[in-house]
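Report on the following structure.
Nothing in this text is a laboratory measurement; each read-out follows from the coordinates by a stated rule. What you see is a predicted model; the values in this text were computed from it and never measured. Every residue, glycine among them, receives a Cβ derived from its backbone with ideal geometry; neighbour counts consider all protein chains shown.
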Amino acid sequence: MPNMPPPDPELEARVLRRIAQEYKWQNITLFDGKLTPPVFALTDHTSQLGSWQRIGRRLTLSRLLVFERKWLEVVEVLKHEMAHQFVDEVLGVHDETAHGPTFAQVCKERGIDPRATGAIQIKEDEAYLRIVERIHKLLALAGSSERHEAELAMRKAHELMLRYNIDALKGGSSSYAIAQLGDPNKKRSNVEREIVALLTRYFFVEAIEVPAYAPKTGREGSVFEICGTPQNVAMAEHVFSFLSSTAERLWQEVRKERKLDRKERLPFQMGVIRGFAEKLEAERQALRGSGLVWVKDGSLEAFRQARHPRVRQKFHRMRISEGHRLGKEAGRAIILHKPIESKGSSLNPLLLPAGAQKPSNR
């Protein structure tokens, strides 16, 4: 557990103002503006990351949460406490437990995690573990120096992921996780946006770019929020990291070889991602011939829409240039590899640090 520095009154005042702004937005977006702003405060609690207190009308968040965790998690705890306030002050329900049926329904309607702990829970049944272990081995083989073997391993991994998600959808899976991609201290790029678009098309997640805040620096930025089953979220995190680093590595290589101008960096890297997407699409079409047809998960889409009911999608155009053409050629040759952890040990927390107690009783 990190050692927290002494409170900085000026820093904390700035952060509390930002939390109040976030509260105002979430109130309008998720609660139709029905909540009355409470008193906001930070606490030194480490086991209770947030709380709603009827007496005194105080909504508190832990300094550990605010200054050491991702902003996505801060917002999730804030929304959880807002749901408690909604049940208490708007619905006037006081005869149920803190996480009773009314609270659970309020959370479900808004895509808020109602559980007592927000850590990603991997379903460790034998069938699932066998599938993940096979994907693990195939992605390891995809790192082979023998290109035919590597291509075949990646194709089989793709087929297995597709088959697993089709079966999960038929089984009515509705347990979803969320994760944050990107650093709010850094500007988001169109290459990252292209990668995220690829994730939503081929890796069974939904995504949205959301505002984010870096409390220690005071920087306003944005991050990508992805949601899906815990297994798919973990895989999407891996692919995002893999493609981001691969696009940069390929650019550095081709820039030296072809002596391309710096202005070609973005077209080239966009081409890399689109070339890889074309490769995945060709594999997907080939798998259709064997009867594996993916149907979009309507429940997941509804979950994302409940969390962000005021979403507008943007589409980016890219000029066709020599760099873009070279990038697409390079992208079509990419083989996704580097094995994922079979039991989820590399997963980031869904909402809260693993083992932490969920914020709040009223």
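Please state the shape class of region 126-332: rounded when a/c is under 1.5, otherwise prolate if a/b exceeds b/c and oblate if not, all from the C-alpha gyration tensor.
Details: a/c = 1.79, a/b = 1.11, b/c = 1.61.
Oblate, because a/c is 1.5 or more while a/b does not exceed b/c.
Go ahead and run the numbers for FRET between Arg14 and Arg147, Cβ-Cβ distance against an R0 of 56 Å, rounding to 0.05. Intermediate values should be presented prior to the final figure.
Numbers: r = 53 Å, r/R0 = 0.95.
Calculated transfer efficiency: 0.55.
So what is the relative contact order for region 1-98, in percent, with contacts set as C-alpha pairs under 8 Å and at least six apart? Working shown, then result.
Values: 93 pairs, mean separation 22.2, N = 98.
Relative contact order for region 1-98 comes out at 23 percent.
Once you list every other residue whose beta carbon is under 12 Å from the beta carbon of Ile178, what net charge do they have if Lys and Arg are +1 and Asp and Glu are -1?
Details: positive: Lys70, Lys79, Arg304, Arg307; negative: Glu73, Glu76, Asp113, Glu206, Glu225, Glu237.
Net charge around Ile178: -2.
Provide the FRET efficiency to the nearest 0.05 for the Arg57-His136 pair, computing r from the beta carbons and using R0 = 41 Å.
Numbers: r = 50 Å, r/R0 = 1.22.
Efficiency at R0 = 41 Å is approximately 0.25.
Sorting check: for 186-198, 57-69, which peptide has the highest mean count of neighbouring beta carbons within 10 Å, and how do the rest follow? Could you put the intermediate results ahead of the total?
Numbers: 186-198: 18.9, 57-69: 20.5.
The packing order, highest mean first, is 57-69, 186-198.
Can you tally the net charge around Val272? Count Lys and Arg as +1, Asp and Glu as -1, for every other residue whose Cβ sits under 13 Å from the Cβ of Val272.
My count for the surroundings of Val272 gives +1.
Sorted by packing (mean other beta-carbon atoms within 10 Å per residue), highest first, where do 224-232, 286-294, 212-220 land?
224-232, 212-220, 286-294
Would you mind counting up the charge near Glu109? Only other residues with Cβ under 14 Å from its Cβ, with Lys and Arg at +1 and Asp and Glu at -1.
Net of charged neighbours comes to +4.
Bin all alpha-carbon pair distances of region 9-110 at 5 Å intervals from 0 and give each bin's fraction as a whole percent.
Cα pair-distance distribution for region 9-110, in percent: 3, 12, 24, 26, 20, 11, 3, 1, 0.
Starting from 0.36 nm per residue, how many nanometres of slack lie between Ala333 and Lys108 once their C-alpha separation is accounted for?
Difference between extended and current length: 76.8 nm.
Distance between Cα centroids, region 7-41 to region 44-83: provide it in whole Å.
What the calculation gives is 11 Å, centre to centre.
How far apart, in nm, are two points set 7 Å out from the Cα along the Cα-to-Cβ line at Asp167 and at Glu257?
Taking the simple label geometry, Asp167 and Glu257 are separated by 4.0 nm.
With labels modelled as points extended 7 Å from the Cα through the Cβ direction, what inter-label distance (nm, one decimal) is found for Thr217 paired with Ser241?
Roughly 2.0 nm, to one decimal.
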